[in-house]
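The values are calculated or read from the model by the stated rules, or taken from the named source; none is laboratory data. Note that the structure is predicted; figures quoted are calculated from it, not measured. Cβ coordinates were reconstructed from backbone atoms using ideal geometry, including for glycine residues, and neighbour counts include every protein chain displayed. The protein model used for the area step is the full one, side chains on, heavy atoms only, and it has no ligands, DNA or RNA in it. Shrake-Rupley method; radii C 1.70, N 1.55, O 1.52, S 1.80 Å.
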Amino acid sequence: MGILGRYVLREVATAWLAVTGVLLIILLANEVVGVMERAAANQYLSVVVPVGLLLGVVLAFGRLYADSEMAAALACGVGPRTLYTPVALLAVVVAGALAWLTLVLAPEATAQALSLRNAALRAGQLAPIASGKFRTFGAGTKAVLYAQSVARDGSLGEVFLERSDGPQVEVALADRATHSVTADGLTHILTLYDGERLEGVPGSPEFRIVRFAEHVVTVQVPVVTDVVHDLEARSTSSLRHSQDRAERAELHWRISMPIMCLVLALLAVPLSRLKPRQGRYSRVWVAVLIFFIYYNLATTARTWIARGTLPEVVGLWWTHVVVALLALAVIMGPRIAHRVRYRMRGL
């Protein structure tokens, strides 16, 4: 690349990094609650990088046009190749990095995050009961346990236990209790001593009070395994050999993100062309609109593949073809219109 090519590359890269950074900051600020989980799966980057590249190119070339630098370059005989080469180089690098992110890093990070969550859930199920704190556990029939005190041997004092199964609610109060867990960790056994149990439906005048010397309560907890079933955590190699529609749709989606970078970079250069006296931000809203349409077309195609509405052989390729044809129309349109007008004048 010559001096102008390196200059264009620097302008585009700087604008792209700035826009991508701002978008990431906005998204992170608005999604504080789920930022850790989503960042582990790189949900933000797979969407922000393509639109950041598109807006970066549009803003960079918009400044060149607005400051008449592009007019001076074109007047000196600079051709399209000089303009497209630095943008294409940056787009290939970004698309390669995004391919590694979506095809390799993101699934591995998601699988590790889910495995850590499963391990935390298992540890929580087997954790000892703390005094003065409510403990909730169970699958189907949920239970809430509270103990005023916990002795060194694990026995509980001044115990409150509430269980609900549909509209039926059972509340038990006991002077003391013991807590144990079966070997498989799936059943908690609570043995209450010297207390009373109230049974009934909240709001109904009919209820029953039973006094007991010993009352055994078993609570089933959900099964937590190391197996990760989340689709986004599946490795790309397993998706390639799968025949499941949803998994094949996920594979097409991962592949489409890097391709989207290349297509949007191709479209951004002619899209950023400004007329005299137009501001450098005049084409930003058009770029955002195009990305919105592009992204929603890809999302719709992904859903169609998962449901079997769209043949997998078509995949998401047609969305890239539509936008690529739009880019070619934007590039070749002015030349074709100029030739048509020239021939019309000749007639």
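What to note about this one:
- Phi to ³J(HN,Hα) by Karplus 6.51 cos²θ - 1.76 cosθ + 1.60 over the stretch 99-114, Hz, x for Gly, Pro: 5, 5, 5, 7, 8, 10, 5, 4, x, 5, 5, 5, 4, 5, 4, 5
- Between Ala130 and Gln168, the FRET efficiency from the beta-carbon distance, with R0 = 25 Å, is close to 0.35.
- Here Tyr281 sits with roughly 140 square angstrom of accessible surface, probe radius 1.4 Å.
- Karplus-derived 3J(HN,Hα), 6.51/-1.76/1.60, for each residue of the stretch 167-178, Hz, glycine and proline x: x, 6, 10, 10, 10, 10, 10, 9, 5, 8, 7, 10
- Close amide-amide hydrogen proximity is noted between Lys142 and Ser164, each under 5 Å apart and 5 or more residues distant or on a separate chain (H modeled in the peptide plane; Pro and chain starts excluded).
- With a Förster radius of 25 Å applied to the C-beta separation of Thr300 and Arg273, the computed FRET efficiency comes to 0.25.
- Taking N as the residue count of the stretch 225-277, its C-alpha radius of gyration divided by 2.2 N^0.38 Å amounts to 1.83.
- Looking at the stretch 229-281, the accessible area is 51 square angstrom per residue; that uses a 1.4 Å probe and ignores ligands, DNA and RNA.
- Net length gained if the chain between Trp317 and Gln220 were fully extended (0.36 nm per residue, minus Cα distance): 30.1 nm
- Label separation (Tyr281 vs Arg307): 3.9 nm, computed from points 7 Å beyond Cα along the C-beta direction.
- Lys142 accessible area, 1.4 Å probe, all protein chains in place, Å² to nearest 10: 110 Å²
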